[in-house]
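The values are calculated or read from the model by the stated rules, or taken from the named source; none is laboratory data. Note that the structure is predicted; figures quoted are calculated from it, not measured. So basically every Cβ, Gly included, is an ideal-geometry build from the backbone, and we count neighbours across all protein chains shown. Heads up: the accessible areas ignore ligands, DNA and RNA and are worked out on the full protein's heavy atoms, side chains in. Shrake-Rupley method; radii C 1.70, N 1.55, O 1.52, S 1.80 Å.
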Amino acid sequence: MIRFPFTIILLLLSVNGASAENYYLQAVKSTRPDDEMLMKSREKVKEYKKVEIQDDLEVPPFHKRGDWETESLKKTFCTQCHLSPPHTKNLRSRAFLNMHTQFIACETCHMRPEGVDFDYQWVNYRDQSVVEADAGLFRQPINLQKKQNTPDAEKRKTDVLVKIAPFKDNQTAMILNSHAFAEQTTKIWETGSEEERVKRRAIIHQPLKEKGPQCDACHQKDNPLLDLNALGAEKAQAKRILNHIVPQFFKRYKEDDQKIRINSLLQ
Ligand code: HEC
Ligand code: HEC
Ligand code: HEC
């Protein structure tokens, strides 16, 4: 009598365990797009143009595209469709945002659903493994006084494939382009019908925001989005990142088309 329900419970538990997917996939797969979502997505799919990057455009020795750009972004799910680097529209911030894609996952900035708390860790994009928090992972020097080729320089572990990514329930809340769902998405994108593409685009963007956070979501002392100490930053490093003059400067812009002269940086 007792054994029967017990087996069922065990069975349910194991099925549940086997399909425990990360936050992003769960959110995507549980999305049932309504007509409005599909209509919006249809417009976006129509406006989408695949842009081919010309590799040989540089005139030596000027403007050579850094290899890190392609190297760093090619394992990302998002760059299956988005440019690498992806930001083009906002002339003022795009260079800074693209720079951040070297060390911050797209999902860290674009996936911020209300009422959900993530924690953030360094992730190796080669295999999605967690990289232990370490001061050397930051670009920001550990100690400003020491010059290159000192033991301080040797502590540097920066790597364009190790980035700060969101975690939920001890799992990374994102996927890489090698994931089965990403491969299926490429297939739909390349050979699916328009309706299949519209639906897929709708669900993969459902947990995402159109715009990432403002600079001062991260670059300020009170309750910043990222806990730099937990990511391994030493006190002085964290202080320099939080107080960096460039994002402070961005706070002065109140209008989209406002122009601020460079010499007012000194005021
Ligand atoms: C299967 C293709 C595809 C994938 C994969 C994809 N996107 Fe998009 N995305 C689009 C299209 C198409 C648009 C609309 C046109 C455009 O902006 O190029 C878009 C638009 C956006 C926008 C602009 C806002 C908007 O809604 O128009 C953001 C932000 C964005 N995507 C982020 C991401 C992020 C982050 C990922 C990875 C988690 C991702 N996308 C993965 C196809 C894709
Ligand atoms: C440091 C935070 C940050 C990171 C990391 C980031 N984004 Fe963004 N993204 C933004 C912000 C902020 C905007 C809004 C810019 C604006 O229009 O003011 C944006 C806008 C966009 C847009 C709209 C179109 C455009 O040209 O600006 C797309 C598409 C996009 N991001 C894709 C991505 C993808 C793909 C990645 C990862 C490879 C990524 N983003 C990583 C902050 C970020
Ligand atoms: C999601 C959090 C986040 C957002 C949003 C963000 N930053 Fe940053 N930014 C960081 C982190 C973390 C670092 C330190 C990276 C390191 O040292 O490896 C950094 C570093 C920088 C640096 C120093 C780069 C260097 O190598 O010295 C500049 C400049 C900067 N950010 C400007 C901006 C601007 C401008 C914006 C808005 C357009 C912005 N940031 C938005 C997290 C963020």
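Summary of computed values
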quantity	calculated
Efficiency of FRET from Cβ geometry, Arg139 and Lys211, R₀ 25 Å, rounded to 0.05	0.55
Accessible surface, segment 186-257, averaged per residue in Å² (probe 1.4 Å)	66
Rounded percent of accessible protein surface that carbon and sulfur make up, segment 93-192, 1.4 Å probe	48
Set Lys46/Lys221; Lys49/Lys221; Lys74/Lys199; Lys44/Lys254 screened for pairs whose C-alpha atoms are more than 31 Å apart	Lys46/Lys221; Lys49/Lys221
Mean separation of Cα contacts under 8 Å (6+ apart) over length of segment 177-267, as relative contact order %	19
Rounded accessible area of His82 (nearest 10 Å², 1.4 Å probe)	90
Sum of side-chain charges, Glu195 neighbourhood, beta-carbon under 13 Å (Lys, Arg +1; Asp, Glu -1)	+3
In segment 118-218, GluC sites (Glu not before Pro) in a DSSP loop with at most 15 other beta-carbon atoms within 10 Å	Glu132, Glu210
FRET E, pair Ser178, Lys239, Förster distance 35 Å, beta-carbon r, rounded to 0.05	0.40
Potential lengthening between Asp222 and Val246 on full extension [0.36 nm per residue; Cα-Cα distance subtracted]	6.9 nm
Unit Cα scatterers, Debye sum, segment 107-204: log10 I(q)/I(0) for q = 0.17, 0.25 Å⁻¹	-0.89, -1.24
Span from the segment 148-227 Cα centroid across to the segment 71-117 one, whole angstrom	7
Cleavage-rule hits, trypsin sites (Lys or Arg not before Pro), segment 197-231, DSSP coil, Cβ neighbours within 10 Å at most 15	Lys209, Lys211, Lys221
Distance between modelled label sites at Asp256 and Asp169, nm, 7 Å Cα→Cβ extension	3.9
Estimated distance in nm for a label pair at Asp119 and Gln26, the labels positioned 7 Å out from Cα along Cα-to-Cβ	1.7
